[in-house]
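Below: the structure, in structure tokens.
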Amino acid sequence: MKQIAVGILAHVDAGKTTLSEGLLYASGEIRRLGRVDAKDTFLDTNEIERKRGITIFSKQAVMAFNNTVMTLLDTPGHVDFAAEAERTLSVLDYAILVISGTDGVQSHTKTLWDMLEKHNLPVFVFINKLDLTGSDKEQVLEDLQAEFGEGFVDFTKPEAERSEALAMCDEALMEAFLGDGISEKAVVAAVKKRKVFPCFSGSALKMEGVEAFLQGFDRLTEPTEAMEKFGAKVFKISQDDNGNRLTFMKITGGSLKVKSMIESAEDTTEKVNEIRIYSGDKYKTVEEAFPGCICAVTGPKKTAAGQGLGFEKNATSLTAEPIFSYRVILPKGTDPAMALEKFKELEQEETQLRVTWNGQLKEIQLRLMGEIQLEVLKQLVLKRFSMAVEFEEGRIVYKETIEHTVEGVGHFEPLRHYAEVHLLLSPLPQGSGMQFEADCPESVLDKNWQRLVLTHLMEKQHLGVLTGSPITDMKITLKSGAAHQKHTEGGDFRQATYRAVRQGLMQAKSVLLEPYYDFVMDIPAVNVGKAMTDLDLLGANFSIDRPNGDMTKITGRAPAEAIRNYQKQITAYTHGQGRITCKFSGYGKCRNSEAVIASFDYNAEADVENTADSVFCSHGAGFNVKWNEVAEYMHLESVFKPKKVEPEPETVVRRTNFNATEDELLQIFEKTYGKVETKLPTQAMRTKKEVSVQKHSSGGGKRYEKSYLLVDGYNIIFAWDSLKKTAQDSLESARKALLERLSVYKVFSGYEIILVFDAYKVKGNRGEVEKEQGITVVYTKEAQTADAYIEKAVRELTKQYNVTVATSDGLEQLIIFGSGAYRLPASHLEAEVKQVEAGVEKMVAQYNLETNRQGFLRVLEDKLAEWKEKNGQA
């Protein structure tokens, strides 16, 4: 007999548990039908589940029908437990999607479909509750086609109609249809490839259509091919009534025997003491489990949900993740350390639970999916540990990332210890999560130490420096490191690695992220105007579908913090007719980051458990070095090495004005383009030209004798490809390269240039202004961005001077335009700079061919005049 693992999924109240009960009854596994309302169903065995009438924990039942042994996995239907359902998908061969004939396709149905598609699972559909008034099977089928595409075929229809529908799903089926007809074997293959999704219908409560579904499932499925060598996927960690830890897994290759040794999540081996095959809350023990078998083993203590054993790899990250944070209020007299240990035990079992200890606040914090899960957890803690805990009102779980690549250095060298780690922290696209890799020669750091560094990077949830929230969308690469032959221990690299990550984050420009929801609203057409106004205020992006009768559907994306409680308002202004369903869609840039950061009142430098400082050794004793001074003490060179920037091809320039002394010209020429073969005379032969007076675009004819160019330094560096490449190796080299190029440009443009760099993350920094190569260089003070400085400077300078701002920041350009200044995009500035550089190179080359030493300035100015006339410059 073939062995099939099948999961049953649905949105809440679609009748999933009732259908599971019907399938067990029709197969002969149970002798009487249980009911959800009677709290006596075969699979909802947990007291909390029966009390609430919903499935919370995934459970299994084994049943045989004709030629198939099915392991049926019942998964939670509520959105708060979507992670539990998703982990179960990793061990399935097929899935059954249950849809209510009255409610149709719901928002959570879409979430489930996305997960099924992600896992590439073949799907059978059962349209339930057709016995109820208002149910519409044909409408549900149309909705399925509209939402998820082609392939949904009604298998309750006559064979002729069914064959025509199947032919439209796949080219191979069409050829068979036009030839000898579509065979059942061809349909089985199409179902396996997700070309066809067989649809059945009926009423699970009244056992209508259930046996027909079982017969169809038996005919249209085939077992997954197994590997010869051992492999297994862990999908759940639980505990039996006697306190034994259970590791639930599916065997995908070879076999697993009692007393076998398996690798745990921490690269250690553990012995399997017992193998159990569960059906409901009962089980039988076996000596050996074979491919396709879903079993629970006792013995291992360090396995984890999502872990791969044998040839299987660890599972990818979950689609659903907890976005609400709650503070645990412990009963008076409870030891926090003991309570933390208990919650950590639950964390291994609850896929969607994250437990953290906030060292600064000395409190336990939980991250959950929502309030239903919180209520369940509260009852679970009371039942399991006899702790009557309470929870403070939840807040959104924020995350942090960085804008640009930085190097992080960590050094740990108290007496008789030694480790140094150099990491490269690089931003990734939104939704990428965290990635870790080593790009370090073994001649620099031994492979074993490199593996240890990667382990330490992955073992901890690293926190950002804005709010202390977890970091995400970042790649951390080990680039260099050092160990001592005698004094280095494993723990030394843990300290150095943690400090390197933190030191890099302290240098970077961090960005605060908040969770977003995709939402679907169904409201009366008369309330659309009110809804649109509200959604605009909530910061949502949305679109409005055509009205369907008296109701209108609005779909969109909005910050979770803004929209999570909007259902109450909808109920009020639609008098109970409207509803909204939401699903997590990822993280995006926080709208009001300054206010959120202020509300956290997080001091990164005071967080001693996540320090960015390093420890060095001198005269036999360790001493602490602040994060912003580590570069002066580190033993290895920076991983950033300056690269030569090749000259760019000539492009068009808008304006140039000669404005320099002879000494200034020669100094810049020789430094940038090489030595001039003849020297200048001691006295200039010709006087400097006057700077042409420019007319302000919005000044009503007002004239200015001085023009300012404000440059957003980092914005330009990362907008110009040549400087961006340099910055990836050394940000300091990129800054110097920009300064040198602008100093040449200044000579010909007539601008007074102010170059502004962000230093807002430097604690205690009061700001700094320097004069370098004729350019004013500004490093902003703490908590002040370059944008803020430039906006303030524009407001002041435009009162008396002609002001242009160079930036590629769209919002900043808009603000600049409103302040009466010119806007100069980064690409246009680069074009002008390149044109000036190309012109200067030509002039220097031509001049070096001249023999008249005294005629340098005359020749030079003649060439400049000729060049400017050619380019249409005044």
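The values are calculated or read from the model by the stated rules, or taken from the named source; none is laboratory data. As the structure is a prediction and not an experimental result, all values here were calculated from the model. Note that we place each Cβ from the backbone using ideal geometry, even for glycine, and neighbour counts take in every protein chain shown. Surface accessibility is based on the protein's heavy atoms, side chains included, excluding ligands, DNA and RNA. Shrake-Rupley method; radii C 1.70, N 1.55, O 1.52, S 1.80 Å.
Structural remarks
- If the condition is being open to solvent by less than 50 Å² (accessible area, probe 1.4 Å), among the hydrophobic types (A, V, I, L, M, F, W, C) and not in a loop (DSSP other than H, G, I, E, B), then the range 229-263 contributes Ala232, Val234, Phe235, Ile237, Leu246, Phe248, Met249, Ile251, Leu256, Ile262.
- Listing of strands (runs of 3 or more DSSP E) fully contained in the range 554-631 that carry 3 or more residues being modelled with pLDDT under 90 and closer than 27 Å to Leu466 by Cβ: 579-589
- Residue match in the range 176-198 (condition: more than 29 Å from Tyr283 (Cα to Cα), in contact (Cβ under 8 Å) with a residue 60 or more places away in the chain and of a type in the set (Asp, Glu)): no
- Inter-residue pairs, beta-carbon under 8 Å, first at positive phi and open to solvent by less than 90 Å² (accessible area, probe 1.4 Å) and in the range 204-228, second of a type outside the set (A, V, I, L, M) and part of a loop (DSSP other than H, G, I, E, B), 6+ apart: Gly209/Thr156; Gly209/Gly202
- Filtered residues of the range 822-839 (kept if in contact with a Leu (Cβ under 9 Å, 6 or more places away or on another chain) and of a type in the set (Val, Ile, Thr)): Val833
- Under the condition of being in contact with a helix residue (DSSP H, G or I) (Cβ under 8 Å, 6 or more places away or on another chain), at pLDDT 75 or above and open to solvent by 30 Å² or more (accessible area, probe 1.4 Å), the residues counted in the range 319-346 number 2.
- Qualifying positions in the range 606-628 - of a type in the set (Val, Ile, Thr) and loosely packed, with under 14 Cβ neighbours inside 10 Å: Val608
- Total residues in the range 543-579, condition among the aromatic types (Phe, Trp, Tyr) and over 24 Å from Gly370 (Cα atoms): 1
- Here Glu349, Glu363 are screened, and the one residue that is modelled with pLDDT of 80 or more and out of contact with any Gly (no Cβ under 8 Å at 6 or more places or on another chain) is Glu363.
- Residue in the range 391-414 that is open to solvent by 10 Å² or more (accessible area, probe 1.4 Å), within 30 Å of Asp241 (Cβ to Cβ) and either modelled with pLDDT of 95 or more or part of a strand (DSSP E or B) (or both) present: yes
- Pairs, first without any contact (Cβ under 8 Å) to a residue 60 or more places away in the chain and among the β-branched types (Val, Ile, Thr) in the range 292-303, second part of a strand (DSSP E or B) and surrounded by fewer than 19 Cβ atoms within 10 Å (Cβ to Cβ), C-beta under 7 Å, six or more apart: Val297/Glu274; Thr298/Glu274
- Any hit, the range 787-795, residues being of a type in the set (Asp, Glu), within 25 Å of Ser743 (Cα to Cα) and at pLDDT 70 or above: yes
- Remark: pairs (first residue in the range 435-457, within 16 Å of Arg494 (Cβ to Cβ); second residue open to solvent by 80 Å² or more (accessible area, probe 1.4 Å) and of a type outside the set (Asp, Glu); Cβ separation under 7 Å; 6+ apart in sequence or on different chains) = Phe436/Met458; His456/Arg494.
- Extreme residue, most open to solvent (accessible area, probe 1.4 Å), among residues of the range 528-545 that are under 14 Å from Gly578 (Cβ atoms) and not β-branched (Val, Ile, Thr): Lys530
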